């Protein structure tokens, strides 16, 4: 079988820039040093590029998880060019095909099933059939004037943002070379490879609490260096959600930025999965895993019956909780004018709280059952 032809532009870019960064950046630092201003410019442009990819290329344009003001879209388009990860049309087209055909070696442009190297950067170095240009899945983006403006002027934008911008910032401070090396070269290499870790390492290392239909995994460590993109199993299960880190304590600065922008009118129509949808996904996966475990251990029929009973009960409790929660929030949002309406609202509140408690107890029983199944199985009482 013939190998795909080498893409010499990408081969030179991804081969030479890391080499130059590893040699020139420390050499200049050794002889001349870098000061606080230059490091702050480096950090600023790292964040600018990173958030333009995660909030712009990924969650806005690829998945349409929210809508953004033209000013914000223009900023993301410029920052994406600075990241030098291709224009929005190419990036979103590849990413949509990745989700549609995830782990399919023939159709997924950066299938993790072809190994770490391929999914991280190998897919960019040769003209593989799986990565052939095909804009049939981004017809909606062709109607976006900012996306098309970036597409037409991409080369000029990457030269301005990667060379002219660091040089100007360096000129202001009196050291053009230092800013070109830190905020230009080193920033470019690091920002590219941090993004590519989501294609590679986030499909190898981590947990799968929501879905095992793909190799995607949740990894809070990766989230720390990828602006919250490390919760990748959740993302593949709920790709329409503007959040990747669904818990309030999950480190997801992209989510926080999108939310903050909504408070000042720069973003709107933020899509999110409901608590019930998320809980059901986890429950279904745990049930399938437990069922397979019971079969492999040749557990008694009573274990199968107990598992099925608890699963069905959990689903019913979750559905009831969801209905009561919806009723309570709707009632709470209405203006209370009469005493009877007030008492009706209090009753709704009390029923909702009761369902909250029942859901909590049901979840506890389910977790106890899962812990028992993790051990040698006794005969159930």
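The values are calculated or read from the model by the stated rules, or taken from the named source; none is laboratory data. Keep in mind the model is a prediction, meaning the values are calculated, not measured. With ideal geometry, Cβ positions are generated from the backbone for all residues, glycine too; neighbour counts draw on all protein chains shown.
Would region 52-63 turn up any residue that is in a loop (DSSP other than H, G, I, E, B) and in the same structural domain as residue 116 (by TED's automatic domain parsing)?
yes
Please verify whether residue 282 is assigned by TED's automatic domain parsing to the domain that holds residue 316 and at pLDDT below 95, treating the condition exactly as stated.
It is true that residue 282 is assigned by TED's automatic domain parsing to the domain that holds residue 316 and at pLDDT below 95.
Scan region 88-112 residue by residue and report those that are part of a loop (DSSP other than H, G, I, E, B), buried (at least 20 other Cβ atoms within 10 Å of the Cβ) and touching a residue at least 40 places away in the same chain (Cβ under 8 Å).
Correct list: 110 only.
Does region 57-87 hold any residues that are free of Cβ contacts under 8 Å to residues at least 60 places away in the same chain and touching a strand residue (DSSP E or B) at 6+ places or on another chain (Cβ under 8 Å), and which are they?
60, 76
Just the residues that are exposed (fewer than 15 other Cβ atoms within 10 Å of the Cβ) and modelled with pLDDT of 75 or more, please, taken from region 306-324.
308, 309, 312, 313, 316, 319
Within region 147-158, does at least one residue satisfy the condition of being touching a strand residue (DSSP E or B) at 6+ places or on another chain (Cβ under 9 Å), assigned by TED's automatic domain parsing to the domain that holds residue 57 and either free of Cβ contacts under 8 Å to residues at least 12 places away in the same chain or more than 29 Å from residue 44 (Cα to Cα) (or both)?
Taking every residue of region 147-158 in turn, none turns out to be touching a strand residue (DSSP E or B) at 6+ places or on another chain (Cβ under 9 Å), assigned by TED's automatic domain parsing to the domain that holds residue 57 and either free of Cβ contacts under 8 Å to residues at least 12 places away in the same chain or more than 29 Å from residue 44 (Cα to Cα) (or both).
Would you be able to tell me the number of residues in region 244-276 that are surrounded by fewer than 14 Cβ atoms within 10 Å (Cβ to Cβ) and either touching a helix residue (DSSP H, G or I) at 6+ places or on another chain (Cβ under 8 Å) or part of a helix (DSSP H, G or I) (or both)?
Summing the residues that are surrounded by fewer than 14 Cβ atoms within 10 Å (Cβ to Cβ) and either touching a helix residue (DSSP H, G or I) at 6+ places or on another chain (Cβ under 8 Å) or part of a helix (DSSP H, G or I) (or both) in region 244-276 gives 4.
Output the number of the condition that residue 132 fails; it satisfies all remaining conditions of (1) farther than 28 Å from residue 72 by Cα; (2) in contact (Cβ under 8 Å) with a residue 60 or more places away in the chain; (3) surrounded by fewer than 20 Cβ atoms within 10 Å (Cβ to Cβ).
Unmet condition: (2).
If residue 147 satisfies all but one of (1) under 30 Å from residue 36 (Cβ atoms); (2) under 25 Å from the mean Cα position of the chain (by Cα), what's the number of the condition it fails?
Just one mismatch for residue 147, condition (1).
Out of the residues in region 161-175 that are in contact (Cβ under 8 Å) with a residue 40 or more places away in the chain and part of a helix (DSSP H, G or I), which is surrounded by the fewest Cβ atoms within 10 Å (Cβ to Cβ)?
Ranking the candidates gives 173 first.
How many of the residues making up region 198-240 are part of a helix (DSSP H, G or I), in contact (Cβ under 8 Å) with a residue 60 or more places away in the chain and surrounded by fewer than 21 Cβ atoms within 10 Å (Cβ to Cβ)? Give the derivation first.
Pass one, region 198-240, residues part of a helix (DSSP H, G or I): 198-199, 201-203, 220-225, 232-237.
Within this subset, residues satisfying the condition of being in contact (Cβ under 8 Å) with a residue 60 or more places away in the chain are 199, 201, 203, 236.
Retained after the next criterion (residues that are surrounded by fewer than 21 Cβ atoms within 10 Å (Cβ to Cβ)): none.
Number of matching residues: 0.
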